[in-house]
Structures are given as C-alpha cells and as structure tokens.
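Heads up, the thing below is written out as structure tokens.
The values are calculated or read from the model by the stated rules, or taken from the named source; none is laboratory data. Given the structure is predicted, the values throughout are model-derived calculations rather than measurements. Every residue, glycine among them, receives a Cβ derived from its backbone with ideal geometry; neighbour counts consider all protein chains shown. The accessibility values were calculated without ligands, DNA or RNA, using every heavy atom of the protein model including side chains. Shrake-Rupley method; radii C 1.70, N 1.55, O 1.52, S 1.80 Å.
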Amino acid sequence: MSSSTSEAAEAGSSEFLTRVRSFFSENKKAIILGTAAAVLAIGGAAYYVSTTRPLIEEDSDPEKGEKKSTKKKGKKKRKSVKDKDGPILEERKSKISDSQTSSIATDEPHLSIAEIEALPPEERTKMAATLKSSGNAAYNSKKFTEAIDFYTRAIEISPKPEAVYYSNRAACYINMKPPKYDLVLRDCDEALKLDMNYVKALNRRAAALEGLDRLKEALRDFTAAAILGKFQDDSAAQSVERVLKKISTTEAQDVLKTREPRLPSHTFISSYFAAFRPRPTLQFPESPSGGDNTLQLALGALSAMDYPHAMTLVNEALEQGISWDAGKAEALNLRGTFKFLVGDSTGAQGDLEQSVQVLPSLTQSWVKVASVHMEQGNPAKAFAAFDSAIAHNPKDPDIYYHRGQDQQRYQDAVDKFDRAIELEKAGPQPMNVLPLVNKGLALFQWKQDSAAAEELCREALTIDPECEAAVATLAQLSLQKGNIDAAVELFSRHADIARSEPELINALTYKYASQAQVEFMKNYPSMVNELGQMARSMI
C-alpha cells in the first residue's frame with residue numbers, strides 16, 4: 001500500500017455515510033421547518049423517521065377545544081372516543097351566546113328548503129349553532145350516526161357555509177367502523193375550501209388519505225398541519241415521520257427487488273480497503289487445491305484494484321473449496337466485504353462471523369462485523385465486536401483507529417485530510433476523493449462553514465461523479481441552506497446510487513419530506529417569512 005493510500009485511509013471508509021447521517025440527524029430540529037426557511041442555519045435540518053405508530057383510527061381524531069393552555073408545556077394525553085368523556089370537537093367561537101342557543105329546541109323537525117329559506121338569517125344562525133352543539137354532545141357519547149344528522153342539518157340551515165360543521169361531520173365518519181374515508185375527504189375538502197388554514201381539517205383529511213393508502217397526499221396534509229400548527233401538536237409531527245417511513249421503506253423495498261446488486265464507485269471501494277493497514281502476505285499450501293489457486297487469483301485482482309474481477313473470483317474460490325483455515329477465513333472475509341459493499345448487510349454479517357469462527361485472530365473480520373452492526377443501527381453489538389477483536393489481538397492498531405474515528409478532534413482531522421488530499425493529488429493512481437468530502441464535513445461540524453464544505457463536495461464530484469458520500473453530504477448541505485429544489489434533485493441522485501437499504505431509505509425520506517415542503521410553500525406563500533422567524537427561534 002502506498003503512503004498516499006495509507007494517508008487516504010484517514011479519509012474514512014464505508015462508515016463515513018453513517019457518520020454523515022448521524023451528524024445531521026443528531027443536529028436536527030425538523031425537516032418540515034428547516035428546509036422551508038431559506039435562511040435557516042445549522043440546527044434545523046433533519047426530521048428523521050423514528051416512530052412506528054399504528055395507522056390513525058379512533059384515537060387519532062380527538063379534537064382539543066379552541067382555548068389553548070399556556071400554563072403547561074409538557075406532553076398531555078389527547079382525549080379519544082375511547083375515553084370516558086370522549087374527545088372534544090372543534091368549538092370555534094359562535095356569533096351567538098350560549099343563553100341564546102339553549103332556548104332553541106334540538107329536536108326541531110327537519111325543514112324543507114323553502115321553510116329554511118323563509119327564516120331570517122339570524123334565526124338560521126342560532127338554529128345551526130344549536131344543532132352543532134347537539135352534534136357535539138352526540139359525538140362525545142359515541143353516537144356518530146346521530147351526530148352526523150345534527151351536523152348535516154346545521155349545514156343545511158346555516159345561512160352561509162361554516163367550515164366547522166363539515167370538519168366535525170368528518171370526525172364522525174372517520175370514527176365509524178369501518179371508517180368512511182371517502183366521506184371524510186369530501187367534508188374536509190369543503191372545510192378547507194372555506195378555510196385553507198384549518199389545521200384540524202387538514203389532519204382529518206390526512207388521516208383519511210393515509211387510510212386509503214394515498215400516502216404522498218397524506219404527507220402533504222400532515223406536513224401542512226404541522227407547520228400551520230407551529231409544531232405545538234406532537235401528533236402531527238409524529239404523523240409526518242410515520243408516513244415518511246411508510247413511503248420510503250415501501251419504495252426502497254420495491255427498488256431493491258428489481259435493482260441488480262452493484263459495487264459502489266471505484267473511489268469508495270479503494271477508500272474502504274485503504275482504511276485497513278496491510279497485513280502479512282497469506283502463505284499458501286505447497287500443494288494448493290483448485291479453490292486455493294482461485295483465491296490467489298482473487299487476491300491478485302484485489303491488489304490490482306480490479307474489484308469486480310476479485311469479487312467473482314473469491315465467490316468461485318469458496319464454491320470450489322479452500323484447503324486450509326487461514327485461506328478460508330481470508331476468503332470469507334473478502335466475500336463478506338464485497339457483500340457489504342453492494343449493500344447485502346445480512347450476507348456480509350454471515351460471512352464475516354463465519355470468518356472469525358474459522359480464525360478468531362483475524363482482527364479485520366471483527367472490525368468489519370462491527371461496521372455491519374453500526375450500519376444496521378446497533379452500536380451495542382458493534383462495540384461488542386470491537387471488544388472481541390481486542391480480546392484476540394489487543395495490539396492491532398486497526399481496532400483503535402476504527403473505534404476512535406468519531407473523537408471530533410476537528411483541527412487534527414482537517415490537517416490529516418489536507419495531507420491526504422496533497423498526497424492523493426501527487427500520486428499516480430486516480431484520486432481518492434473521500435479526503436475532500438471528509439474535510440468538508442469536518443469544517444461544517446467544526447465551524448459551520450457550509451460554503452467551504454459545499455465547494456469541497458462539488459470538487460469531489462467533478463473527479464468522481466459516483467461518489468455516494470459526496471452526493472449525500474451535498475444534499476444535506478443544500479437542505480441546510482434552504483435550497484430545496486437542489487436538495488430534492490440530490491436526494492433523488494443519492495437514491496439512484498445508494499448501495500444499501502438504510503441509505504436508500506434515508507435518501508428517499510429526505511426527498512419526499514423536501515417535496516412536501518415545496519408543495520406547502522406553493523400553497524402557503526405567505527408563511528415563508530413566518531417560517532424563517534420560527535426557525536430562528538428554535539435554533
């Protein structure tokens with residue numbers, strides 16, 4: 001391994017994308033806020049999927065009263081139709097007093113259109129308000145059919161359309177068994193025509209859309225509800241997360257069913273292998289088997305950086321059979337590495353664990369097992385693998401390098417990346433661009449210098465257009481700057497080249513969350529300035 005390659009090892013490995021994702025998710029506020037505010041700085045980018053709450057049904061439709069408490073800021077359990085006293089429906093302030101409405105009988109017979117039109121507007125308003133109150137009482141008693149009748153009569157009698165009557169009737173439809181989602185949509189559409197800022201109607205329509213599996217439309221409405229509600233209702237934000245997860249996970253699974261496994265860019269593979277120090281040359285038996293000879297060819301292709309050929313040969317070597325333990329462990333290590341690089345984490349884990357069963361002292365396999373666990377989001381198992389590596393070979397520096405990558409010594413890291421860039425540019429091989437990307441991320445984490453980070457990522461992509469780490473980082477930086485159109489394009493590009501299911505889901509999550517906000521800003525252009533103020537107050 002050249003000194004250039006050795007220094008480039010400091011530029012990171014496949015764990016880099018995990019660190020990119022972790023950094024942005026740890027510094028999150030809300031993607032539904034951050035990307036909508038063009039002036040938003042670090043601290044407001046990544047609203048990352050994390051919940052798996054069930055589909056909204058009865059307990060998702062309760063309504064809080066118009067009055068909002070300012071005394072308690074903690075989480076408060078929302079009322080549901082399952083609660084003893086039932087949920088509270090929308091109670092927008094009436095134009096007439098309670099004493100006026102109480103004098104009107106709720107058992108007023110159904111009037112014809114002619115009889116209704118003959119009534120004075122004030123009398124019709126009073127009757128509609130009373131019918132709404134009766135509907136609320138029936139709803140709280142879980143008498144949804146009766147409540148629907150009251151709200152329908154209120155809609156018919158009211159001298160002008162009232163959004164609240166449609167929204168409350170939608171609440172009845174969504175709580176019926178089974179829910180009547182088509183009627184929920186109809187009433188919520190009417191309510192939102194009258195008041196496009198009606199958060200409760202947005203939430204109800206979103207729940208119905210989700211129930212009908214129209215998930216992208218549901219995401220649109222939940223996103224709008226969360227923003228218009230100024231993030232005071234945790235359930236709206238959780239709904240955004242839930243629907244994003246459904247969309248991204250389903251699409252990722254569909255993509256991976258038809259996508260042929262493929263290696264990432266030459267740069268990515270080179271940097272991964274360079275992240276491990278050279279080990280003694282493998283000693284082959286005096287009388288090698290056919291599988292032994294094929295393994296030797298595979299290792300030769302690996303040294304020549306002919307990665308596709310090396311992957312094919314090591315597969316053949318294991319199929320043919322390898323005659324001694326050290327060779328078998330090495331072959332399993334290499335095949336597991338290639339599986340990891342094409343995104344088959346499960347297969348990689350199996351090969352790498354089998355490798356250390358055959359030869360427990362093979363530290364590199366333990367470290368790679370840790371990498372697989374880290375990518376799968378299981379740090380406890382990752383550190384357990386590191387502990388096993390230390391137990392078998394406590395003096396191997398690779399263990400401590402990989403375990404200590406995230407120490408956040410930024411000045412030292414930038415100096416090392418600068419040295420790696422210098423050596424890479426002077427070397428005879430095609431440049432490994434990961435030092436550029438790593439330096440950009442370090443500068444962003446250290447000094448929030450997004451301009452420098454973006455410039456370094458773009459330089460990396462001019463050299464290696466398939467560098468997944470550069471695309472992923474640049475997409476996140478565009479999101480931070482509020483350049484949503486560019487972010488959507490980059491997240492789409494990241495999804496096209498993502499090598500693993502977690503990275504594909506991550507890219508799709510940000511893509512669809514960003515698209516939902518683009519639609520929100522088109523529908524609510526007057527909210528953009530207010531979003532900027534909200535974002536700055538949350539930083």
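Return the residues of the stretch 331-347 that are surrounded by 17 or more Cβ atoms within 10 Å (Cβ to Cβ), out of contact with any helix residue (DSSP H, G or I) (no Cβ under 7 Å at 6 or more places or on another chain) and not aliphatic (A, V, I, L, M); say none if nothing qualifies.
Scanning the stretch 331-347 gives a single hit, Asp344.
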**Item:** Residues located in the stretch 377-414, provided they are closer than 27 Å to Val437 by Cα, modelled with pLDDT of 75 or more and surrounded by fewer than 18 Cβ atoms within 10 Å (Cβ to Cβ)
**Value:** Asn378, Pro379, Phe383, Tyr410, Gln411, Asp412, Val414
**Request:** Quick one: Asp449 ticks every box in (1) touching a Leu at 6+ places or on another chain (Cβ under 9 Å); (2) open to solvent by 30 Å² or more (accessible area, probe 1.4 Å); (3) under 23 Å from Ser500 (Cα atoms) except a single one, so which number is it?
**Result:** (3)
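Every residue in the stretch 316-328 that is part of a loop (DSSP other than H, G, I, E, B) and either touching a helix residue (DSSP H, G or I) at 6+ places or on another chain (Cβ under 7 Å) or surrounded by 22 or more Cβ atoms within 10 Å (Cβ to Cβ) (or both), please. Lay out the reasoning, then the answer.
Restricting attention to the stretch 316-328, the residues satisfying the condition of being part of a loop (DSSP other than H, G, I, E, B) are 321-324.
Across the stretch 316-328, the qualifying residues are Gly321, Ile322, Ser323.
If I go through the stretch 194-217 residue by residue, how many of them are free of Cβ contacts under 8 Å to residues at least 12 places away in the same chain and out of contact with any Leu (no Cβ under 7 Å at 6 or more places or on another chain)? Outline the logic, then answer.
So in the stretch 194-217, the residues free of Cβ contacts under 8 Å to residues at least 12 places away in the same chain come out as 213-214, 217.
Narrowing further to those that are out of contact with any Leu (no Cβ under 7 Å at 6 or more places or on another chain): 213-214.
Residues meeting the conditions: 2.
Considering only the stretch 228-251, how many residues are closer than 18 Å to Ala191 by Cβ and either in contact (Cβ under 8 Å) with a residue 40 or more places away in the chain or not small (Gly, Ala, Ser) (or both)?
Applying the first criterion (closer than 18 Å to Ala191 by Cβ) to the stretch 228-251 yields 228-229, 233, 236.
Then drop every residue that is not either in contact (Cβ under 8 Å) with a residue 40 or more places away in the chain or not small (Gly, Ala, Ser) (or both), which leaves 228, 233.
Adding up the residues that qualify gives 2.
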**Asked** Which members of the stretch 173-188 meet the condition of being out of contact with any Ser or Thr (no Cβ under 7 Å at 6 or more places or on another chain) and under 12 Å from Leu209 (Cα atoms)?
**Response** Ile174, Pro179, Lys180, Tyr181, Asp182, Leu183, Val184, Leu185, Arg186
**Item:** Subset tally (residues that are buried (at least 20 other Cβ atoms within 10 Å of the Cβ) and β-branched (Val, Ile, Thr)) for the stretch 485-498
**Value:** 1
**Prompt:** Tell me, which residue of the stretch 151-167 that is of a type outside the set (Val, Ile, Thr) and touching a Lys or Arg at 6+ places or on another chain (Cβ under 7 Å) is most open to solvent (accessible area, probe 1.4 Å)?
**Reply:** Pro159
**Request:** Give the number of residues within the stretch 116-167 that are over 17 Å from Leu194 (Cα atoms), outside any helix (DSSP H, G or I) and under 41 Å from the mean Cα position of the chain (by Cα).
**Result:** 3
